[in-house]
Amino acid sequence: MDIVVTGRHCTVSPDLKELVTERIATVERLRDRVIRVEVEFSAENIKDPSDAVAVQITMRSRGPVVRAEARAGDKNSAFDQAFDRLKSQLRKAADRRKTHQGLRLASALDTSQLSASLTDTAADEDKYEVAGMVVDGDGPLVVREKEFDTSPLSLAQALDEMELVGHDFFLYQDAATGRPSVVYRRKAYNYGVIHLNVS
């Protein structure tokens, strides 16, 4: 397992890198097949110093990508919070797999989960194209475009992947119907599902 520790707008001391590497190495017992873990520290100049440092932990494996992030006043506290969230997400996913046997299909494990691309092409000073739209001036339009390679999933698999990524929703193609669908988190432990009928 490769562990990469980087800093954006800040430096990461060798002692902190060693601490992060030791702590991340303990996750292997919770999640098998881990290929690479990326830990990014970033410092931002904001008004509230208690949120000045952000940490994002991204775990890449043959299965879905697992991501956790947190903010705090210093690097150690931010990492501790993000690491606790990561462990919590992995435990929830492991518990779901225990109660829902056969949740993962071997074919779903072979897909690469993250090939994100951000397109922002400037046509000239006043007009520019963002995600296929031509924008005049410097309006409030902010568009971020991502593409993911995936295969059709069942509802149980989509719930599992949503928990691992740590988001409140997950877009997927339903394996049974072939329809684009979204699963989302409601209050407590309830979930909702939206299916689209494409005509």
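Taking the criterion of being among the hydrophobic types (A, V, I, L, M, F, W, C) and at pLDDT 85 or above, the residues of segment 1-29 that qualify are Ile3, Val4, Val5, Cys10, Val12, Leu16, Leu19, Val20, Ile24.
Residues in segment 25-78 that are more than 16 Å from His9 (Cβ to Cβ), buried (at least 19 other Cβ atoms within 10 Å of the Cβ) and in contact with a strand residue (DSSP E or B) (Cβ under 8 Å, 6 or more places away or on another chain): Val27, Arg31, Val34, Val37, Ile57, Met59, Arg60, Val66, Arg67, Ala68, Ala70. If you go through segment 102-120 one residue at a time, do you hit one that is within 16 Å of the chain's Cα centre (by Cα), over 30 Å from Asn45 (Cβ atoms) and modelled with pLDDT of 75 or more? No, because not a single residue in segment 102-120 is within 16 Å of the chain's Cα centre (by Cα), over 30 Å from Asn45 (Cβ atoms) and modelled with pLDDT of 75 or more.
The values are calculated or read from the model by the stated rules, or taken from the named source; none is laboratory data. Because the structure is predicted, anything quoted here is derived from the model rather than measured. Reconstructed Cβ throughout: ideal geometry from the backbone, glycine too, with neighbour counts over all protein chains shown.
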